[in-house]
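Encoded as structure tokens, the structure appears first; notes follow it.
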Amino acid sequence: LPDPTSFAFRQPLADAVLRAVSISQGGAFVLFTSFDLLRQTHAALKSALEDQGLTVLRQGEGGGRHQLLARFRKEQHAVLFGTDSFWEGVDVKGDALRLVVIARLPFQVPTEPIQQARAERITALGGDPFREMSVPQAVLKLRQGFGRLIRSRTDRGAVLILDSRMVTKNYGARFRKSLPEAAQLIAPLDEVFSRMEQFFQSWH
């Protein structure tokens, strides 16, 4: 996909989310770092997903986190669009959650006062705030988002990360190494989706 910081990222992102969720037939969390991008992607896909018989849930609509999760567990073919609070502390065991789509690497906003103060201190000590603070924080958050999928020994599923910086940036290696290596696939989208289709078809 295009670089996630560019405007050209939005349409290919929506197309990829639609294709992935169609393959898994729901049972998906789609995780964002920006509520604006969440809202736009949700609006672009809601009708197409509902046409496939999927239940579309969005953070900020239809109650709080607990109500959304209760409905998600019950539906079995739901797609939940969420931001920060769904990256961690969310427990959905079994096949109700079988796909996690991560739109962008979860870097914190550098203009938040606490982040700014920490960055200024690292700079004052001669360090690099991005490498010493931003990247480690984002790696931890990515592991938390990835961890939503596997909550018990019998859980299974796929995690699709659509941020090209995982492979185009030097720091991408730190993100890749932080995740289980067993079934990582870095490939063009068509190949990724082909493997996903094989994977989900093998369940039936």
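The values are calculated or read from the model by the stated rules, or taken from the named source; none is laboratory data. Please read these numbers as outputs of a predicted model, since none were measured by experiment. Cβ placement follows ideal geometry from the backbone for every residue including glycine, while neighbour counts extend to all protein chains displayed. Accessible surface areas use protein heavy atoms only, side chains included; no ligands, DNA or RNA. Shrake-Rupley method; radii C 1.70, N 1.55, O 1.52, S 1.80 Å.
Charged side chains reduced to their Cβ positions (Lys and Arg at +1, Asp and Glu at -1) give the stretch 72-204 a dipole of some 300 debye around its Cα centre. Take the Cα of Glu132, step 7 Å toward its Cβ, do the same at Thr55, and the gap between the two points is 4.8 nm.
Contact order for the chain, expressed relative to its length and based on alpha carbon pairs under 8 Å spaced 6+ residues apart, stands at 24 percent.
With n ≥ 4 as the cut-off for DSSP H runs, can you work out [θ] at 222 nm for the chain, using -39500 (n - 2.57) per run divided by the number of residues, rounded to the nearest 500? That comes out to -13500 deg cm²/dmol. Close amide H contacts of Ala78 (hydrogens built in the peptide plane, cut-off under 5 Å, sequence separation of 5 or more or a different chain): Gly27, Ala28, Thr55. Among Arg174, Arg104, Arg121, the largest mean-square fluctuation in a Gaussian network model of the chain (Cα springs under 10 Å) belongs to Arg121. Helix 10-24 and the longest principal axis of the Cα set of the chain meet at an angle near 40°. What separates the Cα centres of the stretch 73-100 and the stretch 164-183 is a distance of 23 Å. Counting only heavy atoms of the protein chains and using a 1.4 Å probe, Arg195 has close to 110 Å² of accessible surface.
Where the only charges are on Cβ atoms (+1 Lys, Arg; -1 Asp, Glu), what is the dipole of the stretch 1-128 about its Cα centre, to the nearest 20 debye? List each step's numbers first, then the result.
Numbers: 14 positive and 14 negative charges, 57 e Å.
For this selection, approximately 280 debye.
Taken per residue, the accessible surface of the chain reaches 52 Å², heavy atoms only and a 1.4 Å probe. If one takes the longest principal axis of the Cα atoms in the chain, at what angle in degrees, from 0 to 90 and to the nearest 10, does the Cα axis of helix 65-75 lie? Compared with the principal axis, the helix lies near 30 degrees.
Relative to the longest principal axis of the C-alpha atoms of the chain, give the angle of the C-alpha long axis of helix 189-201, reported between 0 and 90° and rounded to the nearest 10°. With rounding to tens, the tilt is 50 degrees. Backbone amide hydrogens, once placed in the peptide plane, bring Val101 within less than 5 Å of Phe29, Val30, Leu31, Leu160, excluding anything fewer than 5 places away on its chain. By accessible area, using a 1.4 Å probe on protein heavy atoms only, the chain has 51% of its surface on carbon and sulfur. By the Cα gyration tensor, the chain has an equivalent ellipsoid whose semi-axes, rounded to whole angstrom, run 29, 19, 17 from largest to smallest.
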